[in-house]
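Reviewing the structure listed below.
The values are calculated or read from the model by the stated rules, or taken from the named source; none is laboratory data. Quick caveat: nothing in here was measured; it's all calculated off a predicted structure. Don't worry about glycine lacking a Cβ; one is built from the backbone with ideal geometry, like all the others, and counts go over all protein chains shown. Heavy atoms of the whole protein, side chains included, go into the accessibility calculation; ligands, DNA and RNA do not. Shrake-Rupley method; radii C 1.70, N 1.55, O 1.52, S 1.80 Å.
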Amino acid sequence: MSFFKDRNCYLKNYNLTLIDKIRRFNYKYLFLVCLVVMIGIALLYSAGNGNWDPWADRQFMRFLLSLSLLFVVSFINLRFWMKYAYLIYGVGVLLLIGVALFGHVGMGAQRWLNLGFIHVQPSEVMKIALVIALARYFHGAGNEEVRSIKFMIPPVLMMLIPVFLILEQPDLGTAMMLVFASVGIFFVVGVQIWKFVAVMGIGALSIPVLWTFLHDYQKKRVLTFLDPERDPLGAGYHIIQSKITLGSGGIFGKGFMEGTQSRLNFLPEKQTDFIFTVLGEEFGLIGSYFLILLYVLIIAYGFYIAIKSSSFFGKLLAIGLTINFSLYVFINMGMVMGLLPVVGVPLPLVSYGGTAMLTLFVGFGLIESVFINRDMIIGRRRSIDDK
Amino acid sequence: MSVWRFDKTRLMHQRMAMLGVVFGCLILILMGRIFYLQILQGDKYMQLAEKNRISIRLTPPARGNIYDRNGLKLAENIKTFQAVLIKEHAQDINQVLENFQKLIPLDVDEVERIQKEIKFKRAFMPIRIKDNLSFEEMSLIQLNAPDLLGIQIEEGMTRYYRFKEDSTHVVGYVSLLNEQDMEDDPENPLLDLPGYRIGRTGIEQSMDDILKGTPGIRKTEVNVYGRSVRVLEEQKPINGQDITLTIDSRLQSFATDLLKNEGASAILANVQTGEILMLVSSPAFDPNLFTAPISVKDWNQILNNEKKPLQNKAISGTYSPGSIFKPVVALAGLENKKLSENQEIFCGGRLKSGNQFFHCWKRGGHGHLNVTEALMHSCDIFFYEIAPEIGADKIIQMAQKLGFGSLTGIELRGERTGILPSEQWKQNTFKEGWRTGDTINLSIGQGYLTVTPIQILKVIAQIANGGKEISLHLIQDTSKEHPISDLGLDPYHLRLIKRGLSMVVNQKKGTAYNSRFEIDGKTMAGKTASTQVRRISLKEREEGVKSQEELPWKYRDHAMFAGFTPVNNPKYAVAVVVEHGGGGAKKAAPIASKILQEALRLEKSDAHQNRLERR
């Protein structure tokens, strides 16, 4: 079979019918994703003191919308994304500039763009667009090219432009995620490890300089992270209460809807960034580990799909989006457990919030697309490929 | 597959594997952290979560009432109404406060306190604006309710003393907690109770543990704003126990009136049982002033009164007993066989001991007297003569036996022992030996000796009841025994002394003859005393001693009288001390007489009442 499949791949007009696509779709992967979303909705129901309103019902509607978007994205030909990769990235950058000029201020930061019919958060768009653009850039690069510093200048710029625009908003969490995701892709395509070490060294030395560029509230968050007791009723309150909520769960937790910390509002914003602690409080160590297991499976599937993909574009897309997803998990969990400063990164698929869910599902759609088109070979250069 | 493609795939898969290892490590760190927080530190965080969630409030118990012997309430709890402000119900807090002050003016201090509480208290917690609203104030608030959004009238409890100043020094008062209390016992959970009062003086203070009761506990679940969500556990408060006193409030009021404007005290007790029926110290003050924070004006008025209204003179005033000590000396002489019934001594007006002259209060002297006559005339020379014969130690022994120099054990705080001097005591205090002059001074109750009115009462009562030791008490408690034991004195000697004391009142030449009475054949016996608070110089003595009325108040003698009635079968003993009152016969004896007469009159009318009821 695989022999024929391989033959097939080299066909110039590698086009799968819809039936093929439905057949090649990875349902186990989607099931894992949906299971996590369901856990999230259950937690939002509990966080709303046993009410669908105001969070669980809306989250469910967004889930349905996101799910349909996932299918649409996954059925689009992988070549489409390859072809329009830079265009998508360019639109993303324009939206970011737009938000800087005409953006809608909310929660102390300028992140939203009102397009009349819809509110768009361009930084979310950029999380996908940057991965697509970098995947496109490194798709045809040979190992030698990647080793040259000159070759690395454009992708680094591709990363830095949106990062600076997003830092301006200001949104440290998203900017950090873009940097980490890009660095992850650089790592996977084979940039020498000493370069990462060198950049990290320079970065560490320049921390005092960067510090001066941080906004006051960001400085405060970092300081509070380092010592929550500094301000136990102000900024440190979050971290302290977060740890109490999580820690008080014990092994088995207090039971569904029995979490006192969340029910009695000791934990602000429990429905968004701190939702993991609600799980920890109500389902204890068992529940926390179960969710982590699901996340590990989703991430492992991402790696599996990247390895399975025949095209470098597909590999990079899948691994880049998986890194992105993993970063959400690590940063959010590290944050609520007091290992990282509170930077405003939601727990993927679980935290209340529409934009993040949509972005994630578009990402999963793309990963599914990579899986569906796993046998597609995309040529090194466009000319070769399209001939 | 081209070579570059193969190489690149291999490198990428290698790198993905490395990345996978890194991610695996991160996952392990997260899992380890969860393990640390939930398992290793789980108990700590559980406790912190419980502390967040559970609010323990105390519910105040009702304080026990204090009754007099006839069941009248001396201290009780009454409802009060107070205006409170609840922030979350007010739209413009400052405007509301301003409107309130237009209707009911507030002290500057109070406004300051209210402003502070507005800043720190939570939106739904009531802030006390004004206590003890009168009905006028309440209706004013209700009429202007639309301008006072957020102001509510709340019911509270306060202590009320119906008899006002009549019972102040027995019952005492309670007051709100102050900063000192917080320092003394910062752990006391009751400190958080608004409106909780503790006993400060009198029975309220000494019996606080019984009266205060045990607070209830109300465990509620609260949300982050402190608002109670549900009650988890409730333990009802145990109210304080009532206390019934041996006091008769009618006598209290009667004596308070008699002593008005004096710095004085008067105590009346049943000589057979030791029950105190009346204990008055004057001037008194209205204890109700203290239940709410006392105003600065009232406080200064009390503090600046030179007659010291805050002092309970009956138990903590110490005085030289003067002539009231003479029966003790006489008894010591009789008991020690240094004095006999018919032994006569000549009083010539003065006595020389060493190179010092001791004078009798009567310039010309009394001539020949025996012991009863000496008591009747209160002759100083008689006692000057016999005291060295008896010896100071024997006199002191007798004084001690009868109750001087030690606490009576009355259920009030602040009782003082006074000073019962002795050779040893003088050596320790002044590094000087005891001299005959000291014995002579002691013989007429002057010198170092000081006693309290309640000690005087105990001594006179124990002489009256025929030498039975009683323990004076204020609380009627059937479960507590007040043992009565025999002092081991010769009844005949006591009868002799009592005959002398009766002559003081009932013989024409007796010092208290003007205060005599007879009700249904019952008469009074007793002893007067006028104790000097200044030394009379030789020069003045020659020019003629100034009369008491000529002297400024502070230099006048203390006037005292200790007595009992009826003479034949004594029931009531009384001790009266009027500070700087002039003469005991003139000032103290009439008061004592009136009090005893009132006690007899009340006994009679009560008995009559009882007979009517029984019928």
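Taking the criterion of being of a type in the set (Lys, Arg) and crowded, with 22+ Cβ neighbours inside 10 Å, would at least one residue in segment B:317-337 satisfy it?
Within segment B:317-337 (the criterion being of a type in the set (Lys, Arg) and crowded, with 22+ Cβ neighbours inside 10 Å), the answer is yes, since at least one residue qualifies.
Evaluate the following for residue B:55: is it within 14 Å of another protein chain (Cβ to nearest Cβ) and within 30 Å of residue B:155 (Cβ to Cβ)?
So residue B:55 passes the test.
Residue under question is residue B:63, and the condition is that it be in contact (Cβ under 8 Å) with a residue 60 or more places away in the chain, surrounded by 19 or more Cβ atoms within 10 Å (Cβ to Cβ) and under 26 Å from residue A:265 (Cβ atoms); does it hold?
no
Considering only helices (runs of 4 or more DSSP H) fully contained in segment B:141-259, which possess at least 1 residues that are out of contact with any Gly (no Cβ under 8 Å at 6 or more places or on another chain)?
Ranges flagged: B:179-184, B:208-212, B:249-259.
Restricting to segment B:5-17, name every residue that is facing another protein chain (nearest Cβ under 8 Å) and open to solvent by 50 Å² or more (accessible area, probe 1.4 Å).
Within segment B:5-17, B:7, B:13 meet the criteria.
Among the candidates B:148, B:143, which residue alone is open to solvent by less than 20 Å² (accessible area, probe 1.4 Å) and farther than 30 Å from residue B:283 by Cβ?
That would be B:148, the only listed residue that is open to solvent by less than 20 Å² (accessible area, probe 1.4 Å) and farther than 30 Å from residue B:283 by Cβ.
Given A:293, A:317, A:327, which one is in contact with a helix residue (DSSP H, G or I) (Cβ under 8 Å, 6 or more places away or on another chain), open to solvent by 10 Å² or more (accessible area, probe 1.4 Å) and either within 23 Å of residue A:130 (Cβ to Cβ) or at the interface with chain B (Cβ under 10 Å from one of its Cβ atoms) (or both)?
A:327
Return the pairs, sorted by first residue and then second, in which the second residue is hydroxyl-bearing (Ser, Thr, Tyr), the first residue lies in segment B:419-436 and is closer than 17 Å to residue B:450 by Cα, the beta carbons are less than 7 Å apart, and the residues are 6+ apart or on different chains.
These pairs meet every condition: B:419/B:448; B:419/B:450; B:421/B:448.
Of the residues that sit in segment B:202-226 and are of a type in the set (A, V, I, L, M, F, W, C) and within 14 Å of chain A (Cβ to nearest Cβ), which one is most open to solvent (accessible area, probe 1.4 Å)?
Going through the qualifying residues, I end up with B:224.
Give me the pairs: first residue in segment A:239-256 and at the interface with chain B (Cβ under 9 Å from one of its Cβ atoms), second residue in a loop (DSSP other than H, G, I, E, B) and of a type in the set (Lys, Arg), beta-carbon distance under 8 Å, and six or more apart or on different chains, which are they?
A:245/A:270; A:248/A:254
Taking into account only those residues within segment A:257-269 that are more than 10 Å from chain B (Cβ to nearest Cβ) and free of Cβ contacts under 8 Å to residues at least 60 places away in the same chain, which is surrounded by the fewest Cβ atoms within 10 Å (Cβ to Cβ)?
Selected residue: A:258.
Would you list the helices (runs of 4 or more DSSP H) that sit entirely within segment A:172-225 and hold 2 or more residues that are within 14 Å of chain B (Cβ to nearest Cβ), of a type in the set (Val, Ile, Thr) and more than 22 Å from residue A:155 (Cβ to Cβ)?
Per the criteria, no element qualifies.
Kindly indicate whether residue A:376 is outside any loop (DSSP other than H, G, I, E, B) and either open to solvent by less than 10 Å² (accessible area, probe 1.4 Å) or free of Cβ contacts under 8 Å to residues at least 60 places away in the same chain (or both).
no
Suppose the filter is more than 22 Å from residue B:248 (Cα to Cα), assigned to a strand (DSSP E or B), modelled with pLDDT of 90 or more and not basic (Lys, Arg); does residue B:562 pass it?
Answer is no for this residue.
Report whether or not residue A:272 is within 30 Å of residue B:225 (Cα to Cα), at pLDDT 85 or above and within 11 Å of chain B (Cβ to nearest Cβ).
Spelling it out, it is not the case that residue A:272 is within 30 Å of residue B:225 (Cα to Cα), at pLDDT 85 or above and within 11 Å of chain B (Cβ to nearest Cβ).
Hey, can you tell me all the residues within segment B:321-340 that are in contact (Cβ under 8 Å) with a residue 40 or more places away in the chain and either assigned to a loop (DSSP other than H, G, I, E, B) or of a type in the set (Asp, Glu) (or both)?
B:321, B:335, B:336, B:338, B:339, listed by residue number.
Can you give me the ranges of the helices (runs of 4 or more DSSP H) entirely in segment B:449-543 with at least 2 residues that are open to solvent by 60 Å² or more (accessible area, probe 1.4 Å)?
B:491-506, B:538-543
Tell me the residue from B:242, B:257 that is under 18 Å from the mean Cα position of the chain (by Cα) and of a type in the set (Asp, Glu), please.
When all the criteria are applied, what remains is B:242.
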